[in-house]
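Written out below as structure tokens is the structure these notes cover.
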Amino acid sequence: MAGLPRARIPFSRTPSGRAERERIPREIRVLIAAAFVIAIGFGLVAPILPQFARSFDVGVTAASVIVSAFALTRLLFAPAGGWLVEKLGERPVYIIGLLIVALSTAACAFAGDYWQLLVFRGLGGIGSTMFTVSAMGLIVRLAPPSIRGRVSGAYATAFLLGSIGGPILGGLLAGLGLRVPFLVYAGALLVASAVVFFQLKNTSLADRQAARESVPLTVREAVKDSAYRAALVSSFANGWSSFGIRMALVPLFATAVLGAGPQIAGISLAFFAAGTALALTVSGRLADTVGRRPLVITGLLVNGAAMAALGFSGNVAVFLAVCVVGGVGTGLLNPAQQAAVADVIGNGRSGGKVLAGFQMSSDLGAIFGPLVAGVIIDRLWVGSYDLAFAVTGALAVAAAAVWLGSRETLPAQARTTAP
């Protein structure tokens with residue numbers, strides 16, 4: 001026996017070991033680092049943007065339009081962004097998108113009036129959707145199927161931590177004027193684009209030639225897959241809840257109904273983020289072991305129950321506790337649904353338009369959520385925050401029901417019980 005070669009057991013024969021021990025590719029680690037920088041900058045300028053708009057002697061509505069313009073151009077340009085990814089490849093579109101946001105953000109710092117600021121901020125939305133769709137495309141191409149959930153969780157964590165750190169840095173820069181954060185953000189984006197350009201320069205999976213050789217997955221093909229249809233619905237529900245109602249209605253509820261000060265309104269968003277961060281520590285790995293669908297359904301139900309309960313929280317302590325639970329639901333949902341969309345596309349195909357459709361569903365939810373809630377509170381049942389939150393919770397439960405009828409995209413041989 002001594003002369004026989006010792007057998008080597010590859011990780012691929014133990015699915016749970018593979019998911020736990022396989023390293024995240026270097027290229028994806030670069031994208032995760034860039035996501036952190038981008039999120040810090042976004043968190044840096046987002047809180048001061050309405051104040052900067054009002055410095056041009058406009059009202060609250062006009063200041064709010066500045067915020068909405070960014071989301072609107074993201075939504076409108078998403079199909080074109082997906083088309084560019086399929087024609088040029090992910091890496092060039094990613095870098096061009098970052099540069100567009102950098103230049104438009106720097107231009108905001110030098111805006112001479114309200115209308116210039118509106119145009120410059122709107123142009124930033126075009127660049128934002130370009131690098132968002134292309135980043136998702138790169139992750140689809142480069143992430144091994146066995147760790148897609150973990151990769152999505154790491155990427156989401158980087159964005160979350162950056163979004164938390166951005167306002168803190170903004171507070172330190174507050175004494176330097178409202179224009180300085182725009183210049184700092186623009187500089188950070190230039191650094192991020194340079195790092196991505198040089199670090200991913202030789203990534204064959206992301207270049208134009210690879211994009212030409214691969215056969216794109218069309219939206220028509222993707223919609224035939226029950227998992228993609230379910231992901232569109234859950235993305236819409238998540239955009240409605242996490243990006244729309246959470247940002248627009250939760251702070252208003254804290255002040256208007258609970259009688260809390262603006263500090264509690266801000267703290268509530270931090271508690272949401274804390275719950276999301278807590279769930280992200282385990283949700284990505286669970287999505288790679290127990291499957292995508294169980295995590296998505298659980299996340300939707302947890303977030304939906306929390307959003308519905310918010311309207312009935314009678315004091316600040318209960319309100320903040322429910323905010324944490326709502327954040328946990330979001331943290332369970334996001335990595336799994338993103339991994340499911342990546343599974344539908346697969347490593348060997350380009351899916352720019354498919355990814356754009358997934359992003360658009362979230363943006364639509366973020367736009368319609370506050371609008372519907374506003375109509376409920378102002379028109380249908382004055383002051384009925386509980387009804388607006390209940391509608392949000394019901395939408396999440398409906399999305400979970402759609403997922404119950406969808407297929408599991410994680411291959412059976414890769415699934416195991418959670419450790």
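The values are calculated or read from the model by the stated rules, or taken from the named source; none is laboratory data. Here the structure is a predicted model, which means the values were calculated and not measured. In case anyone asks, the SASA skips ligands and DNA or RNA and just uses the protein heavy atoms, side chains included. Shrake-Rupley method; radii C 1.70, N 1.55, O 1.52, S 1.80 Å.
Annotation: lysines with alpha-carbon distance below 19 angstrom to Lys87 (same-chain offsets under eight excluded): Lys201, Lys353.
A 1.4 Å probe run over region 40-193, with the rest of the protein chains in place, finds 38 Å² accessible per residue. Solvent-accessible area assigned to carbon and sulfur over region 36-145 amounts to 75 percent, based on a 1.4 Å probe. Ligands, DNA and RNA left out, the 1.4 Å accessible surface of region 241-378 is 73% carbon and sulfur atoms. Would you mind classifying region 84-163 by shape? Square roots of the alpha carbon gyration tensor eigenvalues, ordered a ≥ b ≥ c; an a/c under 1.5 is rounded, otherwise it is prolate if a/b is larger than b/c and oblate if not. Here region 84-163 falls in the oblate category. In plain terms, the chain from Arg379 to Val180 could stretch by 67.6 nm, reckoned as 0.36 nm per residue minus the Cα-Cα distance.
Looking at region 237-367, the accessible area is 31 square angstrom per residue; that uses a 1.4 Å probe and ignores ligands, DNA and RNA.
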